[in-house]
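J.: This is the structure I have questions about; it appears just below.
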Amino acid sequence: MLLRCLLPLALLPLAAVASAACTLTDPTLTLQSYRVDAQNERIAMYWQDRHGKAWGSLRSLLAGIDGDGRVQMAMNGGIYDKAYAPLGLYIEDGKRLTPVNRS
C-alpha cells in the first residue's frame, strides 16, 4: 500500500544542495526536512514514463531517469489510486494533467 503512494515523485538533480537539513527522530518514525532554493535548483514531477506507464516505484523511476546519478532527493508528491493515478490536482511541466478533486 505504501509503495502505491510513492509516485509521482518530486526529484532534484545534482545541482540541488539541501541547506539547513535536520533530522527529527521519534520511536516510530524518522523524518528529514530540507530547504531548497527553487530559484537555483531544478524541481521536477514524474508520474509516467514516456510510454504513459506509471513508474510504480522509486527503484523503477531512478533506473529510468537517473542513469548518471544526478538525482539528489526524491519524495512522494501526492495521493494516488491502485493504478497509480493521482486522486487530485497534478501538474507536470506546467500542464494540469488531473483536476482538483473537491469531493
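J.: Can you give me the Kirkwood hydrodynamic radius for segment 24-89, using every pair of distinct Cα atoms, in Å to one decimal?
T.: About 14.3 Å for segment 24-89.
J.: Now, a different point. By how many nm would the segment from Q32 to R102 grow when fully extended, if each residue of separation counts as 0.36 nm and the alpha-carbon distance is taken off?
T.: Gain in length upon complete extension: 22.2 nm.
J.: Compute the distance in nm between two label points, each set 7 Å from the Cα along the Cα-to-Cβ direction, one at D93 and one at I43.
T.: For D93 paired with I43, the spin-label model returns 2.0 nm.
Only the coordinates and a few stated rules stand behind these numbers; no lab work does. All of these numbers come straight from a predicted model, not from anything done at the bench. Counting neighbours? That spans all protein chains shown, and the Cβs are built from the backbone with ideal geometry, glycine included.
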